[in-house]
Amino acid sequence: MKVPYEAVEVNPITKAELKKVTTELKKVPVMSYKNEVVGDSVAIIDSLKKSLSSDKEKSKIMSALFVEDT
């Protein structure tokens, strides 16, 4: 299962791209989803886990995010 997303390159000096999403957060990663802006990787994962509709959907996405290379 693929989670649709849009990756945005952020200029490290001006960070103008972040200003389009939020004026409060100054660092990446940042996720904007359902009128909520979340910063920090752990907070983004927690937000996604809470907002997904079913346990089956959560399981598919979490396993896709945390696949280990062997």
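Per-structure values
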quantity	calculated
Matching residues, segment 33-70, being at pLDDT 65 or above, of a type outside the set (Val, Ile, Thr) and open to solvent by less than 60 Å² (accessible area, probe 1.4 Å)	39, 43, 47, 48, 51, 52, 57, 62, 64
Pairs where the first residue, in segment 5-21, is open to solvent by 70 Å² or more (accessible area, probe 1.4 Å) and the second is in a loop (DSSP other than H, G, I, E, B) and not small (Gly, Ala, Ser), C-beta under 6 Å, 6+ apart	none
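The values are calculated or read from the model by the stated rules, or taken from the named source; none is laboratory data. Remember, it's a predicted structure, so these values are computed and weren't measured experimentally. Positions of Cβ are generated from backbone atoms using ideal geometry, with glycine treated the same way; all protein chains shown enter the neighbour counts. The area values use the complete protein model at the heavy-atom level, side chains included, leaving out ligands, DNA and RNA. Shrake-Rupley method; radii C 1.70, N 1.55, O 1.52, S 1.80 Å.
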